[in-house]
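Trainee: Got a structure here, written out as structure tokens. Questions coming.
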Amino acid sequence: MKEKINNLISKEKNMKEKIIAIVNQKGGVGKTTTTINLGTELAKHHKNVLLVDFDPQGSLSIGLGVRDEEIPSMSELMLAEMNDQELPEKKNIVLELDYVDLIPANITLSAVEISLINTTCREMILKNILQKYKKGYDYILVDCGPSLGMLTVNALTAADSVLIPASAEFLSAKGLEQLLGSVAKTKRKLNPELQIEGILFTMVQEQTRLAKEMINMVQKAYGKLNIYDVRIPRSIDVGTAIRQGKTIREFNHKNKAAEAYQQLAKEVLKHE
């Protein structure tokens, strides 16, 4: 049974939906885990949430228990928009899950990315698609793949803000410079309203010297940006929950990562 509650408060305020791209060109930093758990926690605060799988690996869809390759997916929406065809009705593409809605993706999205090269206004395809489906949502979270390619550029062009999960490791911290450069370029040329939602440290082992050094380095270099107070601790349960198609709170509500994602949702709402 669907347990999502319509957000009457936001309707009364006529609040605009917020599109947040979850981006980092480095893999294994918790983008998909953050998208699932943040989205679900926002829904538990009575927000209507749409999750968009924009990674050809389809990790978000798999992590939410959607493994059917035959269902309509993001690649079909992209191709329809690229070919100036009518997009399907919401009920035919958006999956309604327990707490959140989902536009799924699979490996066919990788072929679409190649086709984007010769498409007119190629950076605007996702933005145009979300215009059709965003009504009624408070938050739309776009889970991006580990790349700064054309799909990620589409996500940055469509988004209001960027949330950057970053592990407390040297290569992840160094990669922030390249990522923030891409965000700045997109803001300058394609999306002047784009903002940094925040940098989120993930898979943190607080007791190690390396983690402390990397966090301090990022704070010194990018202290003017919003760096979330909460840090997501490293936990084996997080990966296990994803494999079982569950949020970390559903898998083990006492886990420290579950508590951290609850706190992250509160910080995101406060930033609102």
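Trainee: Identify which of S235, S167, S73 has the largest mean-square fluctuation in a Gaussian network model of the chain, with springs joining Cα atoms closer than 10 Å.
Mentor: Result for the chain, Cα springs under 10 Å: S235 fluctuates most.
Trainee: A further question on this structure: Could you go through segment 125-134 in sequence order and give the Karplus-derived ³J(HN,Hα) for each residue, using 6.51 cos²θ - 1.76 cosθ + 1.60 with θ = phi - 60°, rounded to whole Hz, and x for Gly and Pro?
Mentor: 4, 5, 4, 5, 5, 5, 4, 7, 10, 7
Trainee: Take the Cβ-Cβ distance between E259 and S115 as r, set R0 to 35 Å, and report the resulting FRET efficiency rounded to the nearest 0.05.
Mentor: 0.25
Trainee: If you don't mind, another one. If you project the alpha carbons of segment 172-220 onto the principal axes, what extent comes out on each, in Å, largest first?
Mentor: The principal-axis extents, from largest down, are 41, 17, 17 Å.
Trainee: Rank T152, T186, T247 by mean-square fluctuation in a GNM of the chain with C-alpha springs under 10 angstrom and give only the top-ranked residue.
Mentor: T186
Trainee: Separate question: Please say if segment 50-120 is rounded, prolate or oblate, where rounded means a/c under 1.5 for a ≥ b ≥ c the square roots of the C-alpha gyration tensor eigenvalues, and otherwise the choice is prolate for a/b larger than b/c and oblate otherwise?
Mentor: Oblate shape, in that a/c is at least 1.5 and b/c is the bigger or equal ratio.
Trainee: Calculate the FRET efficiency for R122 and H46 from the Cβ-Cβ distance with a Förster distance of 45 Å, rounded to the nearest 0.05.
Mentor: 0.75
Trainee: From zero up to wherever the largest Cα-Cα distance of the chain sits, split into 10 Å bins and tell me the percent of pairs in each.
Mentor: All Cα pairs considered, the percentages come to 7, 31, 38, 20, 4, 0.
Trainee: Let me ask something else. Of the DSSP beta bridges with both residues in the chain, give the percent that are antiparallel, rounding to the nearest 5. All intermediate terms of the calculation are to be shown ahead of the outcome.
Mentor: On the way: 2 of 28 bridges.
Counting DSSP beta bridges with both partners in the chain, the antiparallel share is about 5 percent.
Trainee: What nm distance separates the two modelled labels at H271 and K212, each placed 7 Å from Cα along Cα→Cβ?
Mentor: Label-label distance for H271 and K212, simple model: 2.7 nm.
Trainee: Can you give me the long-range amide H partners of S167? Hydrogens built in the peptide plane at 1.01 Å from N, cutoff under 5 Å, separation of 5 or more residues or another chain.
Mentor: T202
Trainee: Grab the Cα-Cα distance for D229 and Q205, subtract it from 0.36 nm times how many residues apart they are, and report the gain in nm with one decimal.
Mentor: 7.1 nm
Trainee: Which of the residue pairs K189/K246; K26/K254; K135/K174; K26/K270; K26/K134; K90/K174 have a Cα-Cα distance greater than 31 Å in the structure shown?
Mentor: The pairs that break the limit, which is 31 Å between Cα atoms, are K189/K246; K135/K174; K90/K174.
Trainee: At most 14 other C-beta atoms within 10 Å and a DSSP loop state: those are the exposed trypsin sites (Lys or Arg not before Pro) I care about. Give me the longest piece of the chain that has none.
Mentor: The longest uninterrupted stretch comes out as 136-223.
Trainee: Just how far, in whole angstrom, is segment 99-130 from segment 174-223 if you go by their alpha carbon centroids?
Mentor: So the two Cα centres are separated by 25 Å.
Trainee: From the phi angles alone, apply the Karplus equation (6.51, -1.76, 1.60; θ = phi - 60°) to segment 58-63 and give each ³J(HN,Hα) in whole Hz, x where the residue is Gly or Pro.
Mentor: x, 5, 5, 4, 5, x
None of the figures in this text is laboratory data; all of them are computed from the coordinates on show. For clarity, every value in this text was computed on a predicted model and none was experimentally measured. Counting neighbours? That spans all protein chains shown, and the Cβs are built from the backbone with ideal geometry, glycine included.
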